[in-house]
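The values are calculated or read from the model by the stated rules, or taken from the named source; none is laboratory data. Keep in mind that this is a model prediction, so the values were computed, not measured. Cβ placement follows ideal geometry from the backbone for every residue including glycine, while neighbour counts extend to all protein chains displayed.
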Amino acid sequence: MQVNRLAPNQKDIFVEQKIFDDLPMFNIGGYAIFRQAIDVEVFCQAQSVLENRFDIFGLSFSEQQSGLSQQIRQTRGQIEFVDFSTDEDPTASALARLKCLYSKRFELDKDILYRTCLFKLANEEYWYVCLAHHLITDGWGYTLWLKDVCRIYSNLLRGAEALDAIESIDFLTALGAQKAGRDLSKSRQFWQNELATLPPLVFGNKHHSGDLAQDYRSHRVSRHITQQHAMHWRAENRHTIPVSLQSMLMAALSVYFFQTTQQSKFLVGQPLHNRSTAGLKRSYGNFLSMGVSKVELEPDWQVSELFQWLHEQKRKEFRHQKLPIAELNQLASYDRAERSLLYDIELNYQKLSYKIDAELIDGETHFWHSQYQKSALIITLCDYGEQQRLELHADFHSDVFADAEQADAFLLRLITLIDWFVEHFEQPIMAAPVLSAADLRGWERFNMQPDNTYVPDSLAQLTAQKSAFTQQVRCNAMCLSGEQFKNTVHKATIKLQQHGVKAGDRVALNLKRDANLPAWLFAIWQLQAVYVPLSRAWPDERVSYVLNDSHPQVIVSDYQQQAECEHAVQVISAALDEVQLSDAAPLSWSISPDSLAYIIYTSGTTGAPKGVMVSHRALAAFLSAMHGALGTSQGAFWLASTTVGFDISILELVYPILYGQDVYVSEEGLFQRPEHLQALLSNTGINTIQATPTAWRVLLNSGWSPRADLTLLCGGEALGPDLAAALSTSGNRLFNFYGPTEATIWATVMQFQAGAEVSIGRPLTHSQAYVVNPQGQLMPPLVTGELVLTGPCLAQGYWQNPALTKQKFTTLELGGHHPQRVYHTGDQAYLNADNQLIYVGRNDRQIKFRGVRVELAEIESKLRAIENVEDAYVTLVTRADTHNEVLVAYLKTPRAIFNEARAVAQLKQSLPAYLIPTRFECLDTFPLNDSGKVAVNAFPAIGWESTGPAVVSDNQIEQILLETWQQMLGRNDFSVDDNFFDMGASSLDVVNFTAQINTQIKRAILTVDVFANPTVRSLAHKLAHSDVTASTMVSNSASQKQSLQAGRRRLSARRKSRATAE
C-alpha cells in the first residue's frame, strides 16, 4: 500500500469534513445524458477498466500520530444499473434518485469515496451518474472521468484496446510533480501585506444557530445568456486593456456592492485550478484550492480604469496563488469570534466543454449543485465555448436572498451592469446602473398614481366643495355649527385686517385650545398671510427664538408670555365679541398656490430650530391625498388633541372642516391623562383619532381597548408589531403614517391588516418615494438606502436658510424620469418583496422621540452651555425593564462638581420638558475610535437598578410612593419634595405607576392626580384626604357608560338630521 501526505487543499477539505461531519458539503459530480441506446454490460466493463487504471478510485484517508495521509487500496466500487423506463415519469424518478444519492455523505474512514450509476429512462435515453468526495477529484477531474469512460466504452464496442488514446495520468504522480521545487516565502510575504487590514464582510458576520444543516444550506438559481448576448460580451476583447468574461463579472460585483453598500474594499474567494502544465491538465484527482482576490475601488474611476486595475491585481495575485487557504487564514489572523470567514462571496469562472464526443457515443454533461456551502453567496459563470451560450448561477444562503425570485433579480442586475460596461467603457463607474429594467418597472408601479388624479393647487378649490364648512367644531360646552364657524372665520379675518395684516405677512398664534382655534387658521389663509404656531409647552427662550426668526407682523394671543413682550411685535387679543360682521368686505378664497400657508419650527442640528415653509399648493395636495387614503366617511368625528407645535395638528384642525366632518378640539396633553381621554371618547362618540405610538401605549396601558367603529391614525415614531396588533381589533381601521415636516405632514401610509408586516406603506396620492444611495442613485428592492420624497407636497425649504435648503432639497433623475426636486429625509429604508417601504432608522443623529423630530445636537449644545461641562453626547436608550425610550446624556465633567438639579433648571429655560434627559452620566473622558471620533458603542451601559441608600419617609403612604418610584426609575436619590418628571418620569411611567399604587392601597389614584401633584409629599397628601376608592371608580365607570349611550344617541340623531337636509 502506497502512503502519501495530503496536499494542502486536501488537508483543508479533510479538516472541514470533520467539522461538517453530518453534511454532504463536499460531494461533487453530476451526470451525463446519452440520447442513444447503451449496451449496459459493455458500459459497466468500461467503468471497471477506468477504476482499475487510475489511483483516485482506490484512495482512502486516515489520521495518525504522524499526520494526515492518503493511501491506495485495492477495493473498488460497482456501477449500479436502475431502469426507470416503465415509471409514469422517468425523468422525475431519475432526478429524485439523484437527489437522494447526492444528499448522502461519505464516511471517510469506511466508504469507497465515489458512487456510479447508470439510469435507463427510455430505449434511447440513458443517464450516467458520477458522484465522488471532493478529496479525490474536482470539477476538471470529473469531466476527464466522464470523457474517458465514454472513450473506453467506444473502444470496447469496436474491439480496440480499451485504454487506446487515453492520455490521463495518475493523481499521486501528478501531485508529486506539482510539489517539487515550490518556494512559498515570497507568497507569504505578499499575502501578509495584502491581508494586513481586512475589509468588512459584504453580508456581515453570519449568525450560526448551531444547526449545520440550516446554517449552511444553499439554494441555486440560474440565468441562461443567449449565444448572441454572449458574443456581444466577448466582442469587448478588442480593447487594448485585457477584458475577460471573468473580469467583467468581477467588475459587475464590485460596482454593485459598492453602490449598494458603499463598501469600496472587500475580499472575494476564487477557486484556483492549479493545472498549469499539460501533465496536470491530463491528471485525475483534486488540485483545486481556494484563493482570495482583493477588490479596492476608487469612486472617481472610469470603467476602463477599473478593468486595468483588475487586470494588474490578477497578475500580482496569480504569481502567489499556490498558498493554501488555511495559511491565508493564519496570515489574516482575524478574531474568529467577530468574523466567521475570511470572505463571504465566491466568484467561479468555469470554461468547460459539456459535450462528450467519443467515436461511438456522445452526450452532454451536467454538474450537480451542492446543497451546502460555507460562503453566503457563490456566483458561477459557465462558459460553453466561443460559439456557445453562457450560464450564470447564484448559489446562496437564505439570509442573503429570501427566495429564488430575489436571487434571480440579483443576477439580472449583474447582467445589466455588464451590458452597460460593454457600451460605456470610458464612462465613470458611478454612472453605472444597478437596477435592471424589471427593477425600474417595479419602482414605477410602486409610485403609480390613480388614473385622472385631481391635484388641487390651493385651499380655494377645497373650500369650494359642497362639504366644506358643514361640520360642527366642539370644545367642552362650546359648539359651533358650520354657519357659526364661517362667521367666526370672517370675524377673525376682519380683526386681522383691522390690524394691518396682508398677503405674505406672518401671523403667530398663541391661543388656548377651543372651538375658535381652527377659525384663526382659515382667517390667516383667507388673507394669504402665513400661519406661525407658538406652543404653550415651549419655554420662553424657544418662543423668543421663533419670534426673532420669523418676524411676525402680529401675534394673536389670549394671554401674554414674557417672551412676547421683548419684541416690537403687535400683540392682539383673540377676543372676537366686539367684531361686527357688518364691517366685513366680501372676501373670496383667491389664494396663490405658491404663497406660504405656514412656517413651522422643528429641531435643528446647530442647536437652533429651523422653520419649514409649506405652500398652499403643498397643503392642498396633502389634504386631497388624505381624503383618498381615508376614504369618504360622512360619520367621521375627529379628535384634535395634538399640540400646535407638531405639524400633524394641522391635519386635525383643517381636514375635517373641509370635508364636512365634526371635530372636537381638546386641551393639550390629553393622552397624558388617559382617564379623561377615555371619558371623552365615551361621552362624545369621537371615532377618528391621531396619535404617536407612545401616546397609544399610554392609553392602552391605562386599561382602554379600542372599539370596533374607530379609525386610528398612528405616526411620528416606529409602530411596533405588538402595538399594531393591540390597536387593530375587529371592525376598526388602523393606519400607519410616515412623513417629515418637509413633505407636508404625512407622505406614506399603510392600512394595517392582521398578520401583515408593519411597514410605512406606499406613497400617498400626489407623492412619490424612492430609496437612493449617497450618490443619489436609485436602489433595487431589499437594498437599504436613504428615503427621498418628491411631488407637489414638498415644502419650499427653510425660512431664511438657503444653504440648508440647497443641502436637503436637491434635483435627481430617478427611474429614467426627468430631473425631479426631491427632499432627502435622512431616514434609512428599503422596498420589501410586497412593494412596501420598511423603515430602518436614521443615517444621522436625528431621532423621533414621543412623536416629535429631535436633533440630538440641539440638546447637546444646551448641555455644553452648562458650567463645567466640557462636552456632551446624548443618545436614545430603550430600557430593558420597562421598554420605555428615554434620553441619556453623557457629560464630560467631574461627577463631584456636577449639580444635576441646577443643570435641569437651566435646561428648562431653553428646552421643552420632553427634551430634558432622564439620566446624566458623568465621565472624565469620552471614548474615542481610531479616527478620533466619539466611540458611541464604548460608552458605559446604563444600569437601571436602584443604587445607593434609599430615601425613606416616616409616613406610610409616602414610603409606598417612594419605593414604587425608586423601583420604576432605577434611582433612590430623590426626596419626597422632588418632582417626578424632573427625575425622569414619562407619561407612560405615570400610567404604570398609578396601576401599581392602586393595587397596594385602598384609596384610588388617577393619572391626573399624579400630574397635578408631581411630588411624593403632595400626592400623599392628596391621597390622605381622598375618599375615592376602587368601588367608587367602578360606580363612576357605570355612570360613564350610561353617559356614553346617551351621547351616542344624540350624535346619531344629529347625523341623521344632517343627512336628511343634504
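Values computed for the structure shown
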| read-out | value |
| --- | --- |
| So residue 505, is it in contact with a Cys (Cβ under 7 Å, 6 or more places away or on another chain) and of a type in the set (D, E, K, R) | no |
| Top-ranked residue of segment 989-1002 - restricted to ones that are part of a helix (DSSP H, G or I) and hydrophobic (A, V, I, L, M, F, W, C), ranked as surrounded by the fewest Cβ atoms within 10 Å (Cβ to Cβ) | 995 |
| Check on residue 268, more than 16 Å from residue 429 (Cα to Cα) and crowded, with 20+ Cβ neighbours inside 10 Å | yes |
| Residue in segment 1003-1013 that is at pLDDT 75 or above, surrounded by fewer than 21 Cβ atoms within 10 Å (Cβ to Cβ), not assigned by TED's automatic domain parsing to the domain that holds residue 876 and not in a helix (DSSP H, G or I) present | yes |
| Selection from segment 501-560 of residues that are within 26 Å of residue 907 (Cβ to Cβ) and of a type in the set (Gly, Ala, Ser) | 508, 535, 537, 544, 550, 557 |
| Which listed residue, of 628, 685, is over 23 Å from residue 991 (Cβ atoms), in contact with a Leu (Cβ under 6 Å, 6 or more places away or on another chain) and modelled with pLDDT of 85 or more | 685 |
| Cβ-Cβ under 9 Å pairs, at least 6 apart or on other chains, segment 886-902 side without any contact (Cβ under 8 Å) to a residue 24 or more places away in the chain, far side aromatic (Phe, Trp, Tyr) and in a strand (DSSP E or B) | 900/920 |
| Which numbered condition residue 472 fails, given (1) under 23 Å from residue 536 (Cα atoms); (2) in contact (Cβ under 8 Å) with a residue 40 or more places away in the chain; (3) not small (Gly, Ala, Ser) | (1) |
| Filter pass, residue 32 being assigned by TED's automatic domain parsing to the domain that holds residue 131 and assigned to a loop (DSSP other than H, G, I, E, B) | no |
| Matching residues, segment 503-530, being in a strand (DSSP E or B) and either surrounded by fewer than 24 Cβ atoms within 10 Å (Cβ to Cβ) or of a type in the set (D, E, K, R) (or both) | 506, 509 |
| Number of the condition not met by residue 147 [criteria: (1) closer than 22 Å to residue 290 by Cα; (2) in contact with a strand residue (DSSP E or B) (Cβ under 9 Å, 6 or more places away or on another chain); (3) at pLDDT below 90] | (1) |
| Matching entry among 394, 376, 402, 407 (being farther than 19 Å from residue 228 by Cα, of a type in the set (Gly, Ala, Ser) and surrounded by fewer than 19 Cβ atoms within 10 Å (Cβ to Cβ)) | 402 |
| The lone exception for residue 842 - which of (1) closer than 22 Å to residue 618 by Cα; (2) without any contact (Cβ under 8 Å) to a residue 60 or more places away in the chain; (3) surrounded by 14 or more Cβ atoms within 10 Å (Cβ to Cβ) it fails | (1) |
| Residue that is modelled with the lowest pLDDT, among those in segment 58-84 that are within 22 Å of residue 41 (Cα to Cα) and acidic (Asp, Glu) | 80 |
| Positions within segment 714-756 being aliphatic (A, V, I, L, M), touching a residue at least 60 places away in the same chain (Cβ under 8 Å) and outside any loop (DSSP other than H, G, I, E, B), in sequence order | 743, 749, 750 |
| Residue match in segment 41-54 (condition: in a loop (DSSP other than H, G, I, E, B), in the same structural domain as residue 122 (by TED's automatic domain parsing) and surrounded by fewer than 17 Cβ atoms within 10 Å (Cβ to Cβ)) | no |
| Residue selected from segment 106-153 under the condition surrounded by fewer than 21 Cβ atoms within 10 Å (Cβ to Cβ) and of a type in the set (Gly, Ala, Ser), by the criterion farthest from residue 26 (Cα to Cα) | 122 |
| Condition met for residue 85 (among the small types (Gly, Ala, Ser) and outside any loop (DSSP other than H, G, I, E, B)) | no |
| Number of the exception - residue 477 against (1) surrounded by fewer than 18 Cβ atoms within 10 Å (Cβ to Cβ); (2) within 26 Å of the chain's Cα centre (by Cα) | (2) |
| Breaking point among (1) in contact with a helix residue (DSSP H, G or I) (Cβ under 8 Å, 6 or more places away or on another chain); (2) surrounded by fewer than 18 Cβ atoms within 10 Å (Cβ to Cβ); (3) part of a strand (DSSP E or B), for residue 71 | (1) |
| Some residue of segment 1022-1036 being under 24 Å from residue 905 (Cβ atoms), of a type in the set (A, V, I, L, M) and modelled with pLDDT of 80 or more | no |
| Odd one out for residue 288, checked against (1) within 30 Å of residue 173 (Cβ to Cβ); (2) surrounded by fewer than 19 Cβ atoms within 10 Å (Cβ to Cβ) | (2) |
| Any hit, segment 266-273, residues being outside any strand (DSSP E or B) and more than 30 Å from the chain's Cα centre (by Cα) | yes |
| For residue 487: the one exception among (1) modelled with pLDDT under 90; (2) outside the structural domain of residue 241 (by TED's automatic domain parsing); (3) more than 30 Å from residue 787 (Cα to Cα); (4) out of contact with any Lys or Arg (no Cβ under 6 Å at 6 or more places or on another chain) | (1) |
| Given (1) out of contact with any helix residue (DSSP H, G or I) (no Cβ under 9 Å at 6 or more places or on another chain); (2) surrounded by fewer than 24 Cβ atoms within 10 Å (Cβ to Cβ), number of the condition residue 679 does not satisfy | (1) |
| Qualifying residues in segment 421-445 (those that are buried (at least 19 other Cβ atoms within 10 Å of the Cβ) and among the hydrophobic types (A, V, I, L, M, F, W, C)) - the one nearest to residue 625 (Cα to Cα) | 443 |
